[in-house]
Structures are given as structure tokens and as C-alpha cells.
Amino acid sequence: MEQFKAAAEPYWQELWSDLPPTARASLSVKKGLAVDPTFAGHQLRNLRRKGIVQGTGKKTRLFSKGFAEWTRAMQQATQLSREANSP
């Protein structure tokens, strides 16, 4: 599993980098693989077309558990960076 995650990380980084900041912030991985239900419909459809999210309604989720874990780490790192750089 660790080898898979290491091999997938560059792909996940590219997906993350291509997302607008609003999409990055809306991916709610604190509760498993959920996507924030308040996320605008057209933005959610764009994520579906890119294969980043799957399902509909309450069953909308990120495409993989590994990506969800990685995304959670990226969100935490972003938050820590903001806190460290705020006055």
C-alpha cells in the first residue's frame, strides 16, 4: 500500500494543483470521503467530469480513500501555513 501511495502522489499533486482554491477548500475529507454538500452544483459537476468525485447526493465522495487521506494532509498543511504566516 505504501508503494502505491508513493507512486500515486505525483498524480494526486497534479490533481490538487489543477483545482481552484474554492474546490480545494470544499473537499471535506474530515468525515471520510464526503464532499461538502454546499459546494456549487456546476463546480461539483466539473469535479465529476475530472473523475475526482463519484456518486450523487449524500453518497458523493472522492474517488479513492488514498486520495482522501492525502487531501486531508494537504488541507492540514495549508491551514498550518496560514496560521504560521498570520500576524
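Taken together, the values in this text are just the output of simple stated rules run on the coordinates, not laboratory data. Model, not experiment: these values are computed from the prediction. Cβ sites come from the backbone with ideal geometry, for glycine too, and all protein chains shown count toward neighbours.
So what is the 222 nm mean residue ellipticity for the chain from helices alone, if each DSSP H run of at least 4 adds -39500 (n - 2.57) and you divide by all residues, rounding to the nearest 500 deg cm²/dmol?
For the chain, the value works out to -19500 deg cm²/dmol.
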Pairs of lysine residues in the chain - Cα separation under 14 Å, sequence separation of 8 or more or cross-chain: 5
Pick the calculated Cα extents along the principal axes in Å for this structure from [x] 40, 31, 16; [y] 32, 28, 21; [z] 38, 36, 23? [z]
Spacing of the two label points (7 Å from each Cα toward its C-beta) at L80 and R61, in nm: 2.7
